[in-house]
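The values are calculated or read from the model by the stated rules, or taken from the named source; none is laboratory data. These numbers were taken from a predicted model, which means no experiment stands behind them. Here the Cβ positions follow ideal geometry from the backbone for every residue, glycine too, while neighbour counts run over all protein chains shown. Keep in mind that these areas ignore ligands, DNA and RNA; they rest on the heavy atoms of the full protein, side chains included. Shrake-Rupley method; radii C 1.70, N 1.55, O 1.52, S 1.80 Å.
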Amino acid sequence: MAARNLALFDLDHTLLPIDSDHEWGRFLTRIGSVDAEEYARKNEQFYQEYKDGKLEIHGFLRFALAPLAAYPREQLAAWHKQFMDEIILPEIKPQARDLVERHRKAGDLTAVVTATNSFVTGPIAALFGVEHLLATEPATDGARFTGEVEGLPNFREGKVTRCEDWLHSLGLDWGSFGASHFYSDSANDMPLLEKVTHPVATNPDERLRSLSQVRGWPVLELFP
């Protein structure tokens, strides 16, 4: 398998102007499927820790994946469809679709690379027509989620490891491409941004914007 170039996209605040993980937590609170006051408090706390670069990923995932284990898949699927219709679809912007489409038309190998779990993000990545999704994987036991993580969380250095494992599964490595691009908004993604040949700070947070100025990386504002 070969591709001319590689194009990797973070999802939250990169292709989307919102954070799907945070919004999913807010959605669960609103529909009453979790303890509203306590869950909302923790959801905001973890979100702030993420933005501050201080998130302990395993503690967050125990919190975020617990609701998946509490309900059958049919109920979760119905809620997710409502989430997509009410929260995600209105936030799909043409400029983000156009960015992905430019790489697809060029024949690049494309993937969304996100720390948010694949239950939340799978249908979102599909909307963008991205070929592959690398996300944190919720563990399952038969038909139900367990509330645990399967394998390595797709976060910080884990994104590099997961990308390399995925490329190897395709018979590829970083050297297989003339250029490798990664679009991200977050300084949490520095390990993968430093790994590719063409890092692009996309709608960057303050920390990544400052680092990009130091590194001379391009800054892309998809959502002015």
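Table for the structure above
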| quantity | calculated |
| --- | --- |
| Whole-angstrom Cα spans of segment 22-92 along principal axes, big to small | 33, 29, 20 |
| Angle between the chain longest axis and helix 206-215 axis [Cα atoms, degrees, rounded to 10] | 20 |
| q = 0.10 Å⁻¹, the chain: log10 I(q)/I(0) [Debye, one scatterer per Cα] | -0.44 |
| Segment 114-224 - percent of accessible surface contributed by carbon and sulfur, probe 1.4 Å | 51 |
| Förster radius 25 Å - calculated FRET efficiency between Arg104 and Ile18 (Cβ-Cβ, nearest 0.05) | 0.60 |
| Simple Cβ-charge dipole of the chain, Lys/Arg +1 and Asp/Glu -1, about Cα centre, in debye nearest 20 | 420 |
| Prolate/oblate/rounded label for segment 120-163 (Cα gyration tensor, a/c 1.5) | oblate |
| Contour excess over end-to-end distance, with Cα ends at Arg41 and Glu137 and 0.36 nm allotted per residue | 32.1 nm |
| Accessible area per residue in Å² at 1.4 Å probe, computed on the chain | 45 |
| Where Cα atoms sit under 27 Å apart: lysine pairs in segment 75-224 separated by 8 or more or lying on different chains | 6 |
| Contact order normalised by residue count of the chain, Cα under 8 Å, 6+ apart, percent | 26 |
| Folded to 0 to 90 degrees: helix 73-83 orientation relative to the chain principal axis, Cα | 70 |
| Whole-percent carbon and sulfur share, accessible surface of segment 1-76, 1.4 Å | 49 |
| Nearest 10 degrees, 0 to 90: helix 118-127 Cα axis against the chain principal axis | 50 |
| Cα principal axis extents for segment 53-121, largest first, Å | 43, 31, 20 |
| Exposed trypsin sites (Lys or Arg not before Pro) absent - longest run of the chain, DSSP non-H/G/I/E/B, at most 15 other C-beta within 10 Å | 55-224 |
| Positive-pole candidate from Leu15, Leu28, Ala187, dipole of the chain, charges at beta carbon | Leu15 |
| Lys, Arg +1 and Asp, Glu -1 on Cβ, resulting dipole of segment 1-60 about Cα centre, debye, nearest 20 | 220 |
| Exposed GluC sites (Glu not before Pro) absent: longest stretch of the chain, with sites in DSSP loops and at most 11 other Cβ within 10 Å deemed exposed | 57-220 |
